[in-house]
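To keep things clear, I will list the structure first and then write my remarks on it.
Read the figures in this text as sums done on the coordinates, not as results from a lab. What you see is a predicted model; the values in this text were computed from it and never measured. Quick reminder, even Gly has a Cβ in these numbers, built from the backbone with ideal geometry, and neighbours come from all protein chains shown.
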Number of protein chains: 2
Amino acid sequence: MSRNYAANTYPFRASSHFLYFVGEPLVDSFALIEGERCTLFLPRPGPDDALWHGVVPSFAELAEQTGCTVEPLDRLKRALEGRPVATLPAPDAATRTLQSRLLNREVVPGRLIVEDARLADAVIALRLLHDEHAIAGLREAAEATAAAHRAGMGATTPGVREWTICAAMERELTKRGMTTAYGSIVTVRGEVLHNESHHRLPADGDLLLADVGAETAGGWAGDVTRTWPVNGRFSETQRDLYDVVLAAQKQTIASVRHGVRYLDVHLTACRALASGLVALGILRGDVDELVADGVHALLFPHGVGHLLGLDVHDMEDLGDRAGYGSGRSRSSQFGLSYLRLDRDLVPGMAVTIEPGLYQVPAILNDPKLRAMAGDRLDMTRLEAFSDVRGIRIEDDVLVTPKGHEVLTAAIPKEPDAVEQAVGRGTS
Amino acid sequence: MSRNYAANTYPFRASSHFLYFVGEPLVDSFALIEGERCTLFLPRPGPDDALWHGVVPSFAELAEQTGCTVEPLDRLKRALEGRPVATLPAPDAATRTLQSRLLNREVVPGRLIVEDARLADAVIALRLLHDEHAIAGLREAAEATAAAHRAGMGATTPGVREWTICAAMERELTKRGMTTAYGSIVTVRGEVLHNESHHRLPADGDLLLADVGAETAGGWAGDVTRTWPVNGRFSETQRDLYDVVLAAQKQTIASVRHGVRYLDVHLTACRALASGLVALGILRGDVDELVADGVHALLFPHGVGHLLGLDVHDMEDLGDRAGYGSGRSRSSQFGLSYLRLDRDLVPGMAVTIEPGLYQVPAILNDPKLRAMAGDRLDMTRLEAFSDVRGIRIEDDVLVTPKGHEVLTAAIPKEPDAVEQAVGRGTS
């Protein structure tokens, strides 16, 4: 995809569906799957390619490597003629235009025809459950992600700018031949959930929130958040709220096992957070009622996690079809409406568990939400915690036959361990 | 632009034309320019934006900041109705589709209607000549690019993989809040001109070629290549060829001044390289004849440089319209056909000067090219230099009223200075 002119492109990223079936990120290529057979249609190498891009594998070598038949792209149109073909809309508009032209019909995300929807469901059924190869990919991503977070903690001291910390973290990915699975969040404004600006100078006493994950060469994603004190010591109030989030995260992870509905995993987090906030005097009332009414969502507005795989929000290109099984759909309640996943967990699924607490002015000043909360949210008490803007603790969790495995367990998250890791320098 | 699903995007990069006129990389926004007046059409903030993306400047604040009138995007269609509007095709397909819909005509790069072509020429006339603000941007890019190259040299020792060196270089950009202006080339296979793979383990005795440039937050590009010995010492043969390239680069830079045609700048490089190769016994014959016939192009196949500005190949989205003035067009001769620029130089233009020498098997084994060269290329003699795959030395040069200024002069390029910089570690 062009960044500013045709020859200056963004790093190519193959569609995750293509990666799943073919295993190689081949540029401008299509896979035609019929039963057990897969045919790849690739552009013929241009006369100048060897000069500018080096020797590329021949069609025969690629066939050997992928186990697919390999044909030149200009034969695809004819190969598709006169038979029903289902497809999944590509992420980028130019490729979708090509798909529409090849199939003589409009290919648009969110408006799948019946055949495409059936294909989507079949692909989801496969990709939901990670096999050994996929799990190895997720482990590789988790390991690099762990190195990035340790480097980020090590690089943090007062006076070091956000982007210097971000640079230390992303270097760990680049030096493993990997990239980021999503735009890195490295910020003292953790209350802005998808804050991708890195220009701020953290002050002594600030918390830094880093949500950074690796994407392996094969496309597998890591997705981890840690929050640490810039000066290496949590204040008392920061530690109080950090402990609430950490306890909620552990309790929520403990609930992950075969057969559990993810909505209940989310609600476990909500209850744990609400209960911690009641203990601190920030919320008042019965925990179950607070959660049922969504009072906790004023401080924890997002979902507790999502599917993880070749996409960091796995298969989100298919909308809620992957995250919500048939018969389930998103709630319209504030907070719950952001939950990206509500399936029954099955061994082989990978999910994130990422509770957090945030002071978001746009929420806390919202008259409707404040009226709903009433005196169950003690704003005066909350003011005592003004040195916390946002805390999130996120790990990647694989559902196993025996329960679960935390793939990113090696990254410090106990407050003492975090404090020790901060400012120790990078390797 | 979506990377794998709608919410997971590539880092947004505004069109350089938009950046030039508005100065701010505003997402999903259009600028309507009438005479001296500029109106910006922006999407209205969504209800969830404050939560996910934080507080964004209001329309009034943006108007203050940019000096433009600011209107909501949904008013653009009506604002365009019933009047002739010229436009420049956006880099990405989805935005071009939107342009086509807004203007009720197909907007396609390379097929400009008369009005669009006139607009393109007017924009080129402005963007060709860098004012103080632009030059400040190019200096900022040059400075960061210099830091990256010094870090890359410092991080290089035998046993360190290409992507570790690349990571050390790119960290210097990230930690300044910048990005790369193009896909970084950091490779021991320098003969593959746009080699963007970084997985190789450089061997003791290899040369490493690094073509890495910064893009500032404002969009200004740096573009620099250095070539250094992995073990910190050029071999005799490496040094011989390095000296030929360096002498050619200096001579070519010396030729840059007001009124000189860039084709002649390119030919200066060709003659200097050919002359050096004759001295080493690799080429045989009269230098002018060798260059006229394109024999030198078997070892120096590309153009000596290009325009530099908000795009690393400035305004290449408009094809050769920017690089070649009216009445000039590309040669079809091998080598010359890759020259991206042939204008008369004028103070305010910025160009790269980047001669190189490469042993590209696809070229050296090409029967037609070899027949053309005949015994004027001594392949046996060339074999003595088999420890050189590719050398390129590139700087960014501003044409000034008095001659020129090398913006990237601070980066080591004398062989002794390069040797000293290698393996010294990173700061």
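Going 7 Å from the Cα of B:V108 along its beta-carbon direction, which residues of segment A:1-43 have the amide nitrogen within less than 18 Å of the resulting point? Only A:6 pass the distance filter. The shape of segment B:3-133 can be summarised by an equivalent ellipsoid whose semi-axes, obtained from the alpha carbon gyration tensor, come to 24, 19, 16 Å from longest to shortest. Shown for A:W52: label points 7 Å from Cα along the beta-carbon vector, and their distances to the equivalent points in the other copies, 3.5 nm in ascending order. Using C-alpha pairs under 8 Å with a sequence gap of at least 6, the mean separation divided by the residue count of segment A:132-421 gives a relative contact order of 23 percent. With no solvent and one equal point scatterer per Cα, compute the Debye intensity ratio I(q)/I(0) for segment B:66-170 at 0.17, 0.21, 0.22 Å⁻¹ and report its log10, rounded to two decimals. Log-scaled intensity ratios, in q order: -0.93, -1.10, -1.15. In segment B:29-136, the DSSP beta bridges split such that about 55 percent are antiparallel, to the nearest 5. Sequence-distant contacts, meaning Cα pairs under 8 Å at least 6 residues apart, place the relative contact order of segment A:15-148 at 17 percent. Considering every pair of different Cα atoms, what Kirkwood radius, in Å, is found for segment B:112-187? By the Kirkwood definition, the hydrodynamic radius is 14.9 Å. If you average the C-alpha positions of segment B:257-322 and of segment B:66-121 separately, how far apart do those two centres end up, in angstrom? A separation of 37 Å, based on Cα centres.
Across the protein assembly as shown, Cα-Cα pairs more than 42 Å apart make up 38 percent of the total.
Between copies, A:G110 shows label-point distances of 3.1 nm, shortest first, with the point placed 7 angstrom from Cα along Cα to C-beta.
Of the trypsin sites (Lys or Arg not before Pro) found in segment B:341-427, the ones in coil according to DSSP and having at most 10 other Cβ atoms within 10 Å of their Cβ are B:K402. With each label modelled as a point 7 angstrom along the Cα→C-beta vector, the A:R78-B:D264 pair spans 5.4 nm. Using alpha carbons only, how many degrees (0 to 90, rounded to 10) separate the axis of helix B:262-279 from the longest principal axis of chain B? Value to nearest ten degrees: 20.
Counting each pair of different Cα atoms once, what's the Kirkwood radius of segment B:333-424 in Å, rounded to one decimal? That comes to 16.6 Å for segment B:333-424. Per residue, the protein assembly as shown reaches -11000 deg cm²/dmol at 222 nm when only DSSP H runs of four or more residues are counted, each adding -39500 (n - 2.57). For segment A:26-41, putting each phi into the Karplus relation 6.51 cos²θ - 1.76 cosθ + 1.60 with θ = phi - 60° gives couplings of 8, 6, 6, 10, 10, 10, 10, 10, 10, x, 8, 8, 10, 10, 9, 10 Hz, in residue order, rounded to whole numbers and with x for Gly and Pro.
Between A:T69 and A:E132, the C-beta separation translates, for a Förster distance of 22 Å, into a calculated FRET efficiency of about 0.30. Less than 15 Å from a label point 7 Å out along the Cα-to-Cβ axis of A:S235: which backbone N atoms in segment A:132-169 qualify, by residue? Once the point is set 7 Å along Cα→Cβ of A:S235, nothing inside segment A:132-169 turns out to lie under 15 Å by backbone N.
Going by neighbour counts of Cβ atoms within 10 Å, the residues A:M315, B:M372, B:M379 line up, fewest first, as B:M379, B:M372, A:M315. DSSP bridge analysis restricted to chain B gives an antiparallel fraction near 85%, rounded to the nearest 5.
Along chain A, counting only GluC sites (Glu not before Pro) with a DSSP assignment other than H, G, I, E or B and at most 15 other Cβ atoms inside a 10 Å radius, the longest segment between sites is A:107-427. Treating r as the C-beta distance of B:A247 and B:A384 and R0 as 30 Å, the FRET efficiency rounds to 0.95. Angle of helix A:236-254 to the longest C-alpha principal axis of chain A, folded into 0 to 90 degrees and rounded to 10: 50°. Short to long, the 20 Å bins of the Cα pair-distance histogram for chain A hold 24, 52, 22, 2 percent of all pairs.
Distance from the alpha carbon centroid of segment B:135-199 to that of segment A:363-427 works out to 36 angstrom. Do any chymotrypsin sites (Phe, Trp or Tyr not before Pro) in segment B:312-386 lie in a DSSP loop with no more than 12 other beta carbon atoms within 10 Å, and if so, which? Taking segment B:312-386 and a limit of 12 other Cβ atoms within 10 Å, no loop chymotrypsin sites (Phe, Trp or Tyr not before Pro) are found.
When the Debye formula is applied to the Cα atoms of segment A:178-298, each taken as the same point scatterer, what base-10 log of I(q)/I(0) results at q = 0.10, 0.11, 0.20 Å⁻¹? Here log10 of I(q) over I(0) equals -0.40, -0.49, -1.22. Temperature 4 °C, viscosity 1.567 mPa s: under these conditions the Stokes-Einstein estimate for segment B:165-246, based on its Kirkwood radius over C-alpha pairs, is 95 µm² per second.
With a Förster radius of 51 Å applied to the beta-carbon distance between A:E34 and B:M372, the computed FRET efficiency rounds to 0.60. Averaging 1/r over each pair of different alpha-carbon atoms in segment B:33-72 and inverting the result gives 11.1 Å, the Kirkwood hydrodynamic radius.
Angle check, please: helix A:132-155 long axis (alpha carbons) against the longest principal axis of chain A (alpha carbons), in degrees 0 to 90, nearest 10. So the inclination is approximately 50 degrees. Mean sequence separation of contacting Cα pairs (under 8 Å, at least six apart), scaled by the length of segment B:340-424, corresponds to a relative contact order of 38 percent.
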